[in-house]
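To start, the structure itself, in structure tokens.
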Amino acid sequence: MENSFKFFSNTKCKYFPCHKTSDIKDFNCLFCFCPLYSLGDKCGGDFIYLENGVKDCTNCILPHKAENYQFVLYKLSK
Ligand code: SF4
């Protein structure tokens, strides 16, 4: 996918890709830090809460899939 206002693939980043993915061409770095984190258990992503109460997003790829751009904006508008 071409970099644009809704997609940015930062292949030069030393952590790229920072989550496991089967489609590296579709890996969107636009939401490098997930803007939905503060929504707690309402983010819609694949998270778990650790015993110490920290929200662990290790297995979540939601903000990094190019097709989820509108979904992230929708959740932020709520
Ligand atoms: S689970 Fe996914 S969508 Fe939810 S805050 Fe974590 S990275 Fe974002």
Among the aspartates and glutamates, which have Cα under 18 Å from the Cα of Lys78 when same-chain residues fewer than 8 positions away are ignored? Asp41
How would Phe7, Phe47 line up by accessible area, probe 1.4 Å, largest first? Phe47, Phe7
Nothing charged except the Cβ atoms of Lys and Arg (+1) and of Asp and Glu (-1): what's the magnitude of the dipole of segment 4-77 about its Cα centre? Round to the nearest 20 debye. 300 debye
Judged on accessible area alone, 1.4 Å probe, highest first, His64, His19 line up as His19, His64
Which one of Asn68, Gly53, Leu30 has its Cα pushed farthest toward the positive end of the charge dipole of the chain, where Lys and Arg give +1 and Asp and Glu give -1 at the Cβ? Leu30
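Just the accessible area per residue of segment 4-77, please: how many Å² with a 1.4 Å probe?
Here the per-residue accessible area is 70 Å².
Considering only protein heavy atoms and a probe of 1.4 Å, how much of the accessible area of segment 1-62 is carbon and sulfur, as a whole percent? Walk me through the numbers on the way to the answer.
Numbers: 2700 of 4660 Å².
Summing carbon and sulfur atoms, their accessible area is 58 percent of the total for segment 1-62.
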Roll a 1.4 Å probe over the protein heavy atoms and report the accessible area of Cys29 in Å², nearest 10. 20 Å²
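The values are calculated or read from the model by the stated rules, or taken from the named source; none is laboratory data. Everything quoted here is computed from the prediction, not taken from an experiment. FYI the Cβ positions are ideal-geometry reconstructions off the backbone, even for glycines, and counts take in every protein chain you see. For accessibility, only protein heavy atoms count, side chains too; no ligands or nucleic acids. Shrake-Rupley method; radii C 1.70, N 1.55, O 1.52, S 1.80 Å.
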